[in-house]
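Step one of this worksheet: look at the structure below.
The values are calculated or read from the model by the stated rules, or taken from the named source; none is laboratory data. Because the structure is predicted, anything quoted here is derived from the model rather than measured. Methodologically, a virtual Cβ is constructed for each residue, glycine included, from the backbone with ideal geometry; neighbour enumeration extends over all protein chains shown. Only protein heavy atoms, including side chains, enter the accessible area calculation; ligands, DNA and RNA are left aside. Shrake-Rupley method; radii C 1.70, N 1.55, O 1.52, S 1.80 Å.
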Amino acid sequence: MFVLVNLKAYPCDAERVARAAATVADDTGARIAVAPQAAHLESVAATGVETWAQHVSGAGHGSHTGSTLAAAVADAGATGTLLNHSEKRLRLADVDAGLRAAEDTGLETVVCANNPRQIAAAATLGPDMVAVEPPELIGSGTPVSRADPDVVREAVAAADEVNPPVPVLCGAGISTGADVEAAADLGTEGVLLASGVAKADDPESVLRDLVSEV
Ligand SMILES: O=C(CO)COP(=O)(O)O
């Protein structure tokens with residue numbers, strides 16, 4: 001199971017979380033990645049942890065003020081990027097352009113979606129992975145795998161129908177190893193989570209628990 005930790009804009013110490021994630025990944029062999037804000041990509045990547053961007057623009061170099069370019073995040077050490085997170089929604093054309101920009105730069109991609117219908121649309125665009133995150137459960141502390149297992153099962157089926165090789169992650173309220181195990185039982189290949197780690201007093205122990213059951 002892939003554990004992708006999105007630090008959002010939480011006021012956590014990104015380097016501390018990254019060091020903890022790198023240590024747990026090394027100790028256990030689990031795949032753990034950290035997605036900090038763009039300004040922290042370089043310092044997070046310097047810890048040796050797998051580093052992801054939270055977003056990239058579809059734009060290339062040029063007159064695009066405020067854009068986060070795929071090439072720039074790759075230069076800073078990111079090897080993957082989220083696109084279309086529930087808190088960073090994009091138009092379809094922008095998801096597609098972001099995917100192409102990420103692909104051209106060699107970044108791995110996860111396109112996020114609210115529900116199984118959007119998962120089908122996202123999977124059609126050909127990302128490396130898709131992630132289903134019901135917005136009402138994001139930050140709730142109630143794991144999607146328990147609160148709404150059907151949405152996860154249906155997302156896996158929807159992705160499988162349109163683009164069988166595309167793995168599905170699930171997210172919202174995931175914070176324990178039992179949640180990750182439940183997500184695996186529902187057919188997902190990873191979890192996308194934030195507050196459970198970003199707000200933890202001891203991120204390393206949360207990460208150890210997250211990867212303990214799979
Ligand atoms: O949005 C999420 C990850 O991208 C989920 O957030 P929480 O783990 O805080 O529910």
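So for region 50-135, what are the equivalent ellipsoid semi-axes in whole Å, largest first, each being the square root of 5 times an eigenvalue of the Cα gyration tensor? Before the final figure, lay out the partial values.
On the way: eigenvalues 85, 35, 25 Å².
They are 21, 13, 11 Å, listed largest first.
What three numbers, in Å, describe the spread of the alpha carbons of region 116-214 along their principal axes, ordered from the longest?
On the principal axes, region 116-214 reaches 41, 26, 20 Å in Cα extent.
From the mean inverse distance of alpha carbon pairs (Kirkwood) and the Cα radius of gyration, derive Rg over Rh for region 1-116. Each step should come with its number before you reach the end.
Working: Rg = 13.9 Å, Rh = 14.3 Å.
Checking Rg against Rh, the ratio lands at 0.97.
Rounded to a whole number, what % of the accessible area of the chain do carbon and sulfur atoms account for, probe 1.4 Å? If you can, show how the numbers build up before the last one.
Numbers: 4200 of 9120 Å².
C and S fraction of accessible area: 46 percent.
Going by average Cβ density within 10 Å per residue, which order do the peptides 149-158, 111-120, 187-196 take, highest to lowest?
Values: 149-158: 20.0, 111-120: 21.5, 187-196: 23.4.
The densest-packed peptide leads the list: 187-196, 111-120, 149-158.
Spin-label point model (7 Å from Cα, Cβ direction): what's the Val162 to Asp201 distance in nm?
4.4
So, for the chain, what is the accessible surface per residue at a probe of 1.4 Å, expressed in square angstrom? Provide the component values of the computation, followed by the final result.
Details: 9120 Å² over 214 residues.
I get 43 Å² per residue for the chain.
So between Ala71 and Arg100, what do we pick up on full extension, going 0.36 nm a residue minus the alpha carbon distance? Kindly include the intermediate steps, with their values, before the conclusion.
Details: separation 29, 0.36 × 29 = 10.44 nm, distance 1.17 nm.
Stretched fully, the Ala71-Arg100 segment lengthens by 9.3 nm.
So what is the orientation-averaged projected area of region 108-156, using the convex hull of its C-alpha atoms, in nm²? Intermediate values should be presented prior to the final figure.
Numbers: hull surface 13.4 nm².
Dividing the Cα hull surface by four gives the mean projection, 3.4 nm².
When the convex hull of the Cα atoms of region 52-200 is projected onto a plane and the area is averaged over all directions, what value comes out in nm²? Working shown, then result.
Numbers: hull surface 34.7 nm².
Mean shadow area of the hull around the Cα atoms is 8.7 nm².
Subtracting the Cα-Cα distance from 0.36 nm times the residue separation, let me have the gained length for Val214 to Asp13 in nm, one decimal. Please list the in-between numbers first.
Values: separation 201, 0.36 × 201 = 72.36 nm, distance 2.69 nm.
Answer, rounded to one decimal: 69.7 nm.
If you stretched the chain out fully between Asp150 and Thr176, how much longer would it get, using 0.36 nm times the residue separation minus the C-alpha to C-alpha distance?
Numbers: separation 26, 0.36 × 26 = 9.36 nm, distance 1.96 nm.
Full extension from Asp150 to Thr176 adds 7.4 nm.
To the nearest 20 debye, what is the magnitude of the charge dipole of the chain about its Cα centre, counting +1 on the Cβ of each Lys and Arg and -1 on the Cβ of each Asp and Glu?
Details: 13 positive and 30 negative charges, 109 e Å.
About 520 debye.
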